[in-house]
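Every read-out reported here was derived from the displayed coordinates using simple, explicitly stated rules and does not represent laboratory data. Note that this is a predicted model, so its numbers are computed, not measured. Ideal geometry is used to build each Cβ from the backbone, glycine not excepted, and the neighbour counts take in all protein chains shown.
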Amino acid sequence: MEKKLQSIDLQKVPNHIAVIMDGNGRWAKGKGMQRVFGHRNALTAIRETADAASDLGVKFLTLYAFSTENWNRPKLEVDALMSLLVTTLKKELPDFQRKNVRVNAVGNITSLPKSAQKILAKVIEETKNNTKITLSFALSYGSREEIVNAIKNISKKVVNNQLDIEKIDEKIINNHLYTFNLPDVDFMIRTSGEQRISNFLLWQMAYAELYFTDILWPDFRREHLFEAIIDYQNRERRFGKTSEQIETNE
Ligand code: FPP
């Protein structure tokens, strides 16, 4: 693992990493257990990934914890996920403070149970001045829903003469997304072998590098993050330019 860590160029770590934490159910099933067992064991992977990212100097880590589509899962599983969220946030708050982690949430937060909204608000407020890393949980999040919501809010401003239609640009749209306080995603990791984006940060990932690994999320550890970042650093991000332009910094 040390060897992997040494091959990382600390000057070029992605600023914002987004993760689709997939495979909890399959991991549990493989062990003859209920799906919820997989979600509980996902917490170690979250802790390790957040710590490792923070140590490397990653400034933003966004985790897809619950999608708008996940509401369609059996009630028992939805309830278990919500209760896991509440207990975890309560339990981890002192560690977020000690580790200087700013917690953030993106998604249709008002659709979460009141208990989850309450603890989220508390953790976000109490960690708002922390500066080492911003850890965002995507909760009841769907990218298309986010864009619809942004369009509605922008339209209201136009109708109320608070905004001129000609002034609508990418920045205005950015400012109306749930991620208004986050930069674009540089690197997206999805575990469990699925190669999809699944309605996650579509606008924000316009230029992101995508990385897929067969590891199931509960097995994801520091060294897997290191491996992923080494892969990222071996790619050339051109943002539509030519290789020559990138070399000469044009
Ligand atoms: C995907 O695995 C995982 C989820 C839908 C939920 C992710 C949630 C957590 C890791 C815990 C949430 C808690 C906190 C504190 C954020 P899957 O169930 O779709 O797995 P499968 O594809 O193998 O069925």
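Looking at P94, P14, which is the one that is more than 9 Å from the ligand (Cβ to nearest atom), of a type outside the set (F, W, Y) and not in a helix (DSSP H, G or I)? Every option except P14 fails the conditions. Restricting attention to region 18-43 and to residues that are of a type in the set (S, T, N, Q) and touching a Phe, Trp or Tyr at 6+ places or on another chain (Cβ under 9 Å), the residue that is surrounded by the fewest Cβ atoms within 10 Å (Cβ to Cβ) turns out to be N41. Note on region 45-56: among residues that are surrounded by fewer than 21 Cβ atoms within 10 Å (Cβ to Cβ) and out of contact with any helix residue (DSSP H, G or I) (no Cβ under 6 Å at 6 or more places or on another chain), the one that is farthest from I8 (Cα to Cα) is R47. Can you tell me which condition A42 does not meet? The list is (1) in a helix (DSSP H, G or I); (2) more than 10 Å from the ligand (Cβ to nearest atom); (3) within 29 Å of D9 (Cα to Cα); (4) touching a residue at least 12 places away in the same chain (Cβ under 8 Å), and all the others hold. Exception for A42: condition (2). Filtered by the rule that a residue be of a type in the set (S, T, Y) and touching a residue at least 12 places away in the same chain (Cβ under 8 Å), region 203-250 gives Y207, Y211, T213, Y232. Which members of region 66-77 meet the condition of being outside any helix (DSSP H, G or I) and either surrounded by 21 or more Cβ atoms within 10 Å (Cβ to Cβ) or touching a strand residue (DSSP E or B) at 6+ places or on another chain (Cβ under 9 Å) (or both)? Listed by number, the residues that qualify are F66, S67.
Taken together, the residues in region 57-88 that are touching a helix residue (DSSP H, G or I) at 6+ places or on another chain (Cβ under 7 Å) and among the aromatic types (F, W, Y) amount to 2.
Counting the residues of region 45-65 that are within 11 Å of the ligand (Cβ to nearest atom) and either closer than 14 Å to L216 by Cβ or touching a strand residue (DSSP E or B) at 6+ places or on another chain (Cβ under 7 Å) (or both) gives 7. On the stretch given as region 168-220, residues that are of a type in the set (K, R) and surrounded by fewer than 21 Cβ atoms within 10 Å (Cβ to Cβ) total 2.
Number of residues in region 198-217 that are more than 11 Å from the ligand (Cβ to nearest atom) and touching a Lys or Arg at 6+ places or on another chain (Cβ under 8 Å): the value is 8.
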